[in-house]
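Notes for the one structure printed next.
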Amino acid sequence: MDNLNEASVLTRESSSIRKQRFRWSADIFEMFGLRFCARSNYPALVPALLSRVSKIKEGIGPRRADRVYSVLKTSHPIRDRQHASQFLLYVNRDLLARTEILDEVLDCFESDVDLYIAANSRERLFVHAGAVGWKGHTVLIPGRSGSGKTSLVAEFLRCGADYYSDDWAVIDSHGLLHPYDRKLSIRIPNSGRNRIDPAQLGAKRGEPLPISAVLITEYKQGAQWKPQATSPGRGILALLENTPSARDRPMHAMTILPRTLAATKIYESARGDKEETVVHVLRHLEGCAT
Amino acid sequence: MISDAQAGRYKQTPVISRIIGHELILYRNQTHTAHCLNEVAREIWLSCEQESSLAQVVGQVRTRWPGIEEDSVAEALRNLVSAGLVEEISVLTNVSNSRRQAVRKLITAAAMLPVITSILVPTANAAQSPPHGTSRTRQRGVRGRTS
């Protein structure tokens, strides 16, 4: 790890913090052609940050990074001369999070890195989607937060599917789907999220493959999975709606997506029970395989 | 029948276009909207590559779909104009609503209806799942690098 002496990121904080000079522990890593710096005044936090990102090349030079994350661990007085730790997460010069819970800092860091990569990577196209594999076929489930993709992906994995992604599907310039190594982040009502390693569900990491099917679906209480085949054009619109880079680089998305979906089946339906949906989809894929 | 002199003239606006199967996907940078045109709507849009009157567009489309009604082409052009995919040079004034509605029913039955589906492409932040943090986490928007 490198030591960097700099406090310029703290310009928006209180003057008492701003006046301090911190000794930073830092590392620079690269993902999908983008460079990031993670640093902290508390050295043990840097490996904790790096543990949340995957496929990294660490310690690369030169040191110029596209995005700098700084985690500042401070303490503030509470009652009876006790002090509580507080974490401040900055991205470049902006405060991203302030919390007493380390996991929340790490969650925010991971989420911000993912979004930045999704919006800016030129190596791959990132679509907000869950993705799984089954006997040489792959299924993409695009959708915004709360559409139930993660619980659907988890159910696929419990049934023996390979894991590609629960949040970001990665597509290369040839239209192949690649795995994105992240733990599943499953929501638990009233208590945040639970992070689950796909291996705990018995899932293997998927291999790069063309996309066999896109499911345009959203959870609706009481609904039944009654898939209607729809056109590739409708599939492209569904993916464009979930592609963060599409606004800034539409040519990139408009080149890759038609290539990706040229031979893909697109199905649309609301869904209720996830077990029923997954069984139906897997049966359909079995039919395609035979 | 609308005479060529009375009809408006139409021309494509600059967009990114991709053909996929029988459909055409169009992306309009100014409004960050993406549009999917079915085969009939695609033919109508392609007919506006050069500045064209309604009669010229109808003539072009009828080379593939001889039974298509003029009013349905006019309706599709209006939809393309409102989506910003076609520029209208002058205003079309003399298509009666009642006739248009009657023809629309016939066209629906004949499955020759030009269909344009449009979406607004979201900003990067809008496409994000919220981080796992709870109420104690304060967040700011994520600023991405723009190209």
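The values are calculated or read from the model by the stated rules, or taken from the named source; none is laboratory data. Quick caveat, the model's predicted, so the values are computed rather than measured. Virtual Cβ from ideal backbone geometry, glycine too; neighbours counted across all protein chains shown.
Things worth noting here:
- Residue in region A:230-241 that is assigned to a loop (DSSP other than H, G, I, E, B), buried (at least 19 other Cβ atoms within 10 Å of the Cβ) and under 19 Å from the mean Cα position of the chain (by Cα) present: yes
- Within region B:54-69, residues that are among the β-branched types (V, I, T) have Cβ atoms under 8 Å from residues that are part of a loop (DSSP other than H, G, I, E, B) and surrounded by 15 or more Cβ atoms within 10 Å (Cβ to Cβ) in these pairs: B:V57/B:S47; B:V57/B:C48; B:V58/B:I68; B:V61/B:S47; B:V61/B:I68; B:I68/B:M112, counting only partners at least 6 apart in sequence or on another chain.
- Scanning region A:172-217 for residues that are within 13 Å of another protein chain (Cβ to nearest Cβ), outside any strand (DSSP E or B) and loosely packed, with under 14 Cβ neighbours inside 10 Å gives A:I188, A:P189, A:N190, A:S191.
- Annotation note: of A:T230, A:T277, A:T243, A:T264, the sole residue that is touching a Gly at 6+ places or on another chain (Cβ under 8 Å) and among the hydroxyl-bearing types (S, T, Y) is A:T264.
- Single match in A:L152, A:L140 (criterion: in contact with a strand residue (DSSP E or B) (Cβ under 7 Å, 6 or more places away or on another chain), farther than 28 Å from A:R249 by Cα, buried (at least 23 other Cβ atoms within 10 Å of the Cβ) and more than 10 Å from chain B (Cβ to nearest Cβ)): A:L152
- In region A:246-270, residue surrounded by the most Cβ atoms within 10 Å (Cβ to Cβ) [restricted to those that are within 7 Å of chain B (Cβ to nearest Cβ) and farther than 19 Å from B:E39 by Cα]: A:A246
- Screening A:F156 on (1) farther than 21 Å from A:K274 by Cβ; (2) of a type in the set (F, W, Y); (3) outside any strand (DSSP E or B) shows it passes everything except condition (1).
- Taking the numbered list (1) out of contact with any His (no Cβ under 6 Å at 6 or more places or on another chain); (2) surrounded by fewer than 16 Cβ atoms within 10 Å (Cβ to Cβ); (3) part of a strand (DSSP E or B) in turn, A:E123 passes all entries but (3).
- Residue count, region A:210-255 (criterion: in contact with a Cys (Cβ under 7 Å, 6 or more places away or on another chain) and charged (D, E, K, R)): 1
- Checklist (1) over 24 Å from the mean Cα position of the chain (by Cα); (2) at pLDDT 90 or above applied to A:R18, failing item: (2)
- Qualifying residue in region A:60-68 (condition: of a type in the set (A, V, I, L, M), at pLDDT below 90 and surrounded by fewer than 18 Cβ atoms within 10 Å (Cβ to Cβ)): yes
- The helices (runs of 4 or more DSSP H) found entirely in region B:42-147 that carry 2 or more residues being away from chain A (no Cβ under 14 Å), more than 30 Å from A:G143 (Cα to Cα) and modelled with pLDDT of 90 or more are B:54-62, B:70-82.
- Conditions (1) closer than 30 Å to A:P250 by Cβ; (2) surrounded by 23 or more Cβ atoms within 10 Å (Cβ to Cβ); (3) facing chain B (nearest Cβ under 8 Å): number failed by A:D107: (1)
- Members of region B:55-86 found to be in contact with a Lys or Arg (Cβ under 6 Å, 6 or more places away or on another chain) and surrounded by fewer than 17 Cβ atoms within 10 Å (Cβ to Cβ), listed by number: B:G84
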